Amino acid sequence: GGRGKRGELGGNRQAGSEESQPSIARWLGDIRKYFPTSVVTVMQRDAIERFNQRELLFEPELLDTVVPDPHLVAELLSLKDAMPAKTRDSARVVVQKLVEDLTKRLEHPLQQAVRGALQRHIRTLNPKHNDINWHLTIRRNLKNYQPDLNTVIPETLIGYGRKSNSLRDVILCIDQSGSMGQSVVYSSIFGAVMASLPALKTHMIVYDTEVADLTEHLSDPVELLFGAQLGGGNDGPRALRYCEQLITRPKDTIFVLVSDLYETDYDEQEMLRQIGRMQAAGVQFVVLLALSDDGTPDYKRSFAQSLAAMGIPSFACTPELFPELMASAINKQDISMWAGRNDINTAG
């Protein structure tokens, strides 16, 4: 963490940049007309990063021409405190558009995966009469059909189980240092979707050197994203201390830490002690080096190796695989085995 590029962002514009803005706007409009969205987002990213055109993000009329994508939104969020008011309004429109696009794409798969996992969780093989799921019981026992009696002998009873208000507590603890921008964007979308499911009690905590509890904003992902402070360093032990206070039923808690694990050696050891303590109490840990479309990021290998020794794999996860990952965690499956089935290389 802490390797963001905020030092490059100061207000120093090159002479003549004002004259170049109309041509930049035309260029952005042209590439949207002639290239598919996947190509446009790459070209935008190159314009912003490789050609040092971050001043694009300070001009409302130019923001109106861009195609929202997670990289762009992460860059906008890292700059938001330096933006003039009129630009911030345009930036919010860009963020809103991305949130809508990602929610449309990712909401249904996550809801389906979580609900399916929870249904499997609450079934019981020793149900009371009123709790018997007759449809599943008959299907499970078709092999016991007795032609002479014209009936199925229900050797195994499948029940619905008893539902409580929430069956799992989920804590998303997100490193928001400069390198984690895209992960913050996707975590916010997934956090909002999980918070909409009554069977999950979801918290979202982001941290750098400070800790911010954004749980109350999960109903509004745009506001949640604007509550993040991308860039700066990080204090993992402080974040874990805060999160530990939120745990009321450890055996039903899934703790998702999204971080590249770059901590000082002292903080690394302290976090390992904290994680070990929560793990011993029954908390299920998932450590994602990134939640993004990109490949495996740069990360601190010593930390990942120590986690692996505790039985906690670390790996990068794409947004498309995250729903299945959460389903596996809800059902308390071996996350290392899940990663292997999906050809994911674990760190450590």
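Condition check for residue 205 on (1) farther than 16 Å from residue 97 by Cα; (2) part of a helix (DSSP H, G or I): one failure, at (2). Just one of the listed residues (286, 256) is at pLDDT 95 or above and within 23 Å of residue 71 (Cα to Cα), namely 256.
Yes/no matrix, rows are residues, columns are (1) farther than 15 Å from residue 306 by Cα; (2) in contact with a strand residue (DSSP E or B) (Cβ under 9 Å, 6 or more places away or on another chain); (3) touching a residue at least 12 places away in the same chain (Cβ under 8 Å):
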site: 240; (1), (2), (3): yes, yes, yes
site: 248; (1), (2), (3): yes, yes, yes
site: 255; (1), (2), (3): yes, yes, yes
site: 262; (1), (2), (3): no, yes, yes
site: 267; (1), (2), (3): no, no, yes
site: 275; (1), (2), (3): no, yes, yes
site: 279; (1), (2), (3): no, yes, yes
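Checked against the criterion of being modelled with pLDDT under 65 and touching a helix residue (DSSP H, G or I) at 6+ places or on another chain (Cβ under 6 Å), the candidates 158, 153 yield just one match: 158. When residue 137 is tested against (1) out of contact with any Pro (no Cβ under 6 Å at 6 or more places or on another chain); (2) modelled with pLDDT under 90; (3) not in a loop (DSSP other than H, G, I, E, B), exactly one condition is not met: (1). The number of residues in segment 211-232 being closer than 17 Å to residue 98 by Cβ, part of a helix (DSSP H, G or I), without any contact (Cβ under 8 Å) to a residue 60 or more places away in the chain and of a type outside the set (A, V, I, L, M, F, W, C) comes to 2. Of 128, 104, all but one fail to be over 20 Å from residue 169 (Cα atoms), open to solvent by 70 Å² or more (accessible area, probe 1.4 Å) and modelled with pLDDT of 85 or more; the exception is 104.
So which residues in segment 178-196 are open to solvent by less than 10 Å² (accessible area, probe 1.4 Å) and of a type in the set (A, V, I, L, M), if there are any at all?
Residues of segment 178-196 that are open to solvent by less than 10 Å² (accessible area, probe 1.4 Å), as a first pass: 180-181, 183-191, 193-194.
If the condition is that a residue be open to solvent by less than 10 Å² (accessible area, probe 1.4 Å) and of a type in the set (A, V, I, L, M), then 180, 184, 185, 189, 193, 194 are the ones that fit.
Summed over segment 197-222, the residues that are open to solvent by less than 20 Å² (accessible area, probe 1.4 Å) and polar (S, T, N, Q) give a count of 1.
The values are calculated or read from the model by the stated rules, or taken from the named source; none is laboratory data. In this text the structure is predicted, and so the values were computed from the model without any measurement. Here Cβ is always computed from backbone atoms with ideal geometry, including for glycine, and neighbour counts include all displayed protein chains. Accessible surface areas use protein heavy atoms only, side chains included; no ligands, DNA or RNA. Shrake-Rupley method; radii C 1.70, N 1.55, O 1.52, S 1.80 Å.
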